[in-house]
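Below is one structure, written out as structure tokens; the observations come after it.
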Amino acid sequence: MRRHAPVLLIAPLVLANACDGKPPAEWSRTAIESAVAPARAGKRLAPASWPNGARVAVCLTFDVDDEALALGGGSREPVTLSVGEYGATEGLPRILALLDKHDVPATFFVPVASAMLHPDSVREIEKRHRHEIGVHGWIHENYRAVNDRHDEERLISDSIDYLTELLGRRPVGFRAPSWVFSRHTTGLIREAGFLYDSTLMAMDSPYELLSDGEPTGVVELPVDWSLDDHPYFGRSGTLASPKLVFRVYRDEFDAAYEERTMLVLTMHPHVIGRRSRITHLDRLIAYMKSKPDVWFATGEQIANYVKNAG
């Protein structure tokens, strides 16, 4: 029998103050529990089987950061901004063409600033009638740096409203910019009514998100830095081999296939859209499609399935 994470029943005032003013080596048990309580793994939601008897669910996700990544960090330097702009001019068209070629869906998490600067990008994603668009902040802000519950709530709410008006429907998926939560974020995405989040990393399979010891009803589709293109290919002073990086992705897929669980890949148009890398994504998708019983799905489709299956 699988064991679930214990529920932490800690008063909100204690959660806010137990760690304040003391170095970690002096924290009490209550302080340690309060430090981890804002976002925890709850019930495992991996289903006994995926739709139509599929062995594995594959969710291809793309964070359409474009210039928002630099702008959210306070940069207005033209060369840095042009790196993000490449995602709209070259990267996203290549990605959409590749997904068309393989006839597979994907989820695109879009900061509002990217949608403002490149409305044609959103229209190109939408006109396929196969993909999903989720919330990825207003200007790729860092919620921990925002450091104010009211301001963070406003940013999330404004992001939902803008994308709802643009898309004609309310987005149901959320991914925090830079994969950073504040202590308020879990509660805010629950209050906002999101079906699922895809930011945290506590399991390989879907799970229910807990906030301060309470089940939220929000499905977590977990990610990991090893399955993100940016740490490998970002401006780090090293040149990663696309072949070796995609070997990691392939090995993860093979393990997920054997475990009958899930694979979530996180990619960025301005990163993966480079010519030397998109060809390897092409080969990876072809490899995954060569296996029987693989379900390519959006985050919304997976979250709905595991929630209803449970």
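Some points to look at:
- Which listed residue is open to solvent by 40 Å² or more (accessible area, probe 1.4 Å), over 25 Å from V58 (Cβ atoms) and charged (D, E, K, R), from R94, R130, R183, R169: R183
- Selection within segment 262-310 - polar (S, T, N, Q) and modelled with pLDDT under 95: S276, N308
- Search result, residues across segment 123-179 that are of a type in the set (K, R) and without any contact (Cβ under 8 Å) to a residue 24 or more places away in the chain: R123, K127, R154, R169, R170
- One residue stands out in segment 1-34 among those that are in a helix (DSSP H, G or I) and in contact with a Lys or Arg (Cβ under 9 Å, 6 or more places away or on another chain): the one that is modelled with the lowest pLDDT, namely L15.
- Here the condition is being open to solvent by less than 60 Å² (accessible area, probe 1.4 Å), part of a loop (DSSP other than H, G, I, E, B), out of contact with any Phe, Trp or Tyr (no Cβ under 6 Å at 6 or more places or on another chain) and of a type in the set (S, T, N, Q); of S82, S121, S75, it holds for S75 alone.
- Sole residue being of a type outside the set (S, T, N, Q) and either within 23 Å of the chain's Cα centre (by Cα) or in a helix (DSSP H, G or I) (or both), chosen from A88, A48: A88
The values are calculated or read from the model by the stated rules, or taken from the named source; none is laboratory data. All values reported here derive from a predicted model rather than from experimental measurement. Every residue, glycine as well, gets a Cβ built from its backbone with ideal geometry; the counts of neighbours run over all protein chains shown. Accessible surface areas use protein heavy atoms only, side chains included; no ligands, DNA or RNA. Shrake-Rupley method; radii C 1.70, N 1.55, O 1.52, S 1.80 Å.
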